[in-house]
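The values are calculated or read from the model by the stated rules, or taken from the named source; none is laboratory data. Fair warning: this is a prediction, and the values are worked out from it, not measured in the lab. Cβ sites come from the backbone with ideal geometry, for glycine too, and all protein chains shown count toward neighbours.
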Amino acid sequence: MISLILGLLLIAFTVFACIPIGLGWGWDVVDFLKGFAPVLTAFVGLVALFIGIGDIKDKHEAKKEELAAQKAEKADKPEEKEASKSE
């Protein structure tokens with residue numbers, strides 16, 4: 001509950017600081033965002049790259065496990081046939 005109230009207060013302060021009647025920091029905020037945009041896009045791109053690499057590794061791991069399960073299944077089938085023949 002405290003974090004919700006604190007978040008609302010910080011958003012209200014940001015709005016108050018950006019409007020001309022308040023602190024009038026609107027153009028300073030725009031300048032900051034212009035300068036921060038390349039850094040933010042590089043960071044987001046880096047995170048997306050790591051997520052993509054992790055996804056590829058997970059798919060490769062799942063494919064290996066599926067092949068191992070298919071091999072184990074094929075190995076079990078001849079034993080079942082031999083067991084049914086002996087009965």
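Here K85, K59 are screened, and the one residue that is part of a helix (DSSP H, G or I) and at pLDDT below 90 is K85.
Taking segment 1-31 as the range and being in a loop (DSSP other than H, G, I, E, B) and over 30 Å from the mean Cα position of the chain (by Cα) as the test, the residues that pass are I19, P20, I21, G22, L23, G24, W25. Among the residues here, L9 does not qualify as at pLDDT below 95 and either in contact with a Phe, Trp or Tyr (Cβ under 9 Å, 6 or more places away or on another chain) or surrounded by 10 or more Cβ atoms within 10 Å (Cβ to Cβ) (or both).
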